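Beneath this line is the structure, given in structure tokens, with notes to follow.
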Amino acid sequence: MERRLQRLNWLKLEELVPGKTDTVILPVGTVEAHGSDCLGTDNFIPEDIAENIAERVNALVAPTLPYGVTRSLRRYAGCMTLSAETFSDVINELVASLALSGFQNIVIMNGHGGNNTALKQAAHDGHRDLGVNICVVHWWMLCAEMTEQFFGHVGGHAGTDESAMVQAIDESLAGADSYDPDQAWYFRPGADIYPVPGTILQYKEGVGSPEYDADKSRKYREKVIESVGEFVEQVLTRWREQRL
């Protein structure tokens, strides 16, 4: 069955929703510098996860919202941003549109930390005002324990975990050939810097830079998809058991 919503016509969608599926996944990211990896890293990863768990959780996948809230890296070439207010409005209206189409369960698959606050509020507001069930997944946070076990650390912005995912999705999106360790910046507490003087952000000094090991990246991607799929399946099962 075709799971990508925009490839269906409206008549087919009416046949499917809510009778055959009441769940939709909305990938969300931004366009932002990621070391030597592609600007769309935060879009490609949640979209890939969504498309690979859709069959497991019997969901359709909405088109990715590729623009989010980019702050500390916005001065680097190619970075794009929406204001937090605009982003919140867009998310709220997309949630309302999906609810109007008959989806009771909305999973927002987030790929960008700058979106977290607005997405949490949107989930609360959508549940309160529209009566739909909303789950926001920040994949790198959800998978942090697994990532630490797999790599020995949790990575960082444009670090081990994100770079591995991008490389596994499409090696041409990863920047192994142009990677420079000097792109890394230790993002330590105690200072607010705009723009941040580096596009690979480490949250522990000297830890979390990309490895660009193709085989290891493929195995990591498989574990991320399995971990996120298992979690979303658990949430949906519990919602249904509780008749929500």
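The table below lists the values:
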item: Subset of the stretch 41-55 (residues that are under 16 Å from V137 (Cα atoms) and either in a loop (DSSP other than H, G, I, E, B) or not polar (S, T, N, Q) (or both)); result: D42, F44, I45, P46, E47, D48, I49, A50, E51, I53, A54
item: Qualifying positions in the stretch 22-42 - within 20 Å of A123 (Cβ to Cβ) and either of a type outside the set (D, E, K, R) or in contact with a Lys or Arg (Cβ under 8 Å, 6 or more places away or on another chain) (or both); result: T23, V24, I25, L26, P27, V28, G29, T30
item: Failed criterion for V132 (all others in (1) touching a Lys or Arg at 6+ places or on another chain (Cβ under 7 Å); (2) of a type in the set (A, V, I, L, M, F, W, C); (3) surrounded by fewer than 23 Cβ atoms within 10 Å (Cβ to Cβ) hold); result: (1)
item: In the stretch 80-93, the residues that are buried (at least 18 other Cβ atoms within 10 Å of the Cβ) and assigned to a loop (DSSP other than H, G, I, E, B); result: T81, L82
item: Some residue of the stretch 16-29 being touching a residue at least 12 places away in the same chain (Cβ under 8 Å), farther than 20 Å from G111 by Cα and not in a loop (DSSP other than H, G, I, E, B); result: yes
item: Some residue of the stretch 199-211 being farther than 15 Å from D42 by Cα and in a helix (DSSP H, G or I); result: no
item: Qualifying residue in the stretch 168-182 (condition: in contact (Cβ under 8 Å) with a residue 12 or more places away in the chain, touching a Lys or Arg at 6+ places or on another chain (Cβ under 7 Å) and farther than 16 Å from A50 by Cα); result: no
item: Among residues of the stretch 139-172, those that are of a type in the set (A, V, I, L, M) and at pLDDT below 95, counted; result: 1
item: Tally, over the stretch 212-244, of residues that are touching a helix residue (DSSP H, G or I) at 6+ places or on another chain (Cβ under 9 Å), in a loop (DSSP other than H, G, I, E, B) and at negative phi; result: 2
item: Candidate set from the stretch 97-123 (those that are of a type in the set (S, T, Y) and free of Cβ contacts under 8 Å to residues at least 40 places away in the same chain); member that is farthest from V69 (Cα to Cα); result: S97
item: Hits in the stretch 135-184 - residues which are outside any loop (DSSP other than H, G, I, E, B) and among the small types (G, A, S); result: A144, G156, S163, A164, A168, S172, A176, S178, A184
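Here is a yes/no grid of residues against (1) on the phi > 0 side of the Ramachandran plot; (2) touching a Lys or Arg at 6+ places or on another chain (Cβ under 9 Å); (3) hydroxyl-bearing (S, T, Y); (4) surrounded by fewer than 18 Cβ atoms within 10 Å (Cβ to Cβ):
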| position | (1), (2), (3), (4) |
| --- | --- |
| C143 | no, yes, no, no |
| G159 | no, no, no, no |
| P197 | no, no, no, yes |
| G206 | yes, no, no, yes |
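The values are calculated or read from the model by the stated rules, or taken from the named source; none is laboratory data. As the structure is a prediction and not an experimental result, all values here were calculated from the model. All Cβ positions, even for glycine, are placed from backbone atoms using ideal geometry, and neighbour counts span all protein chains on display.
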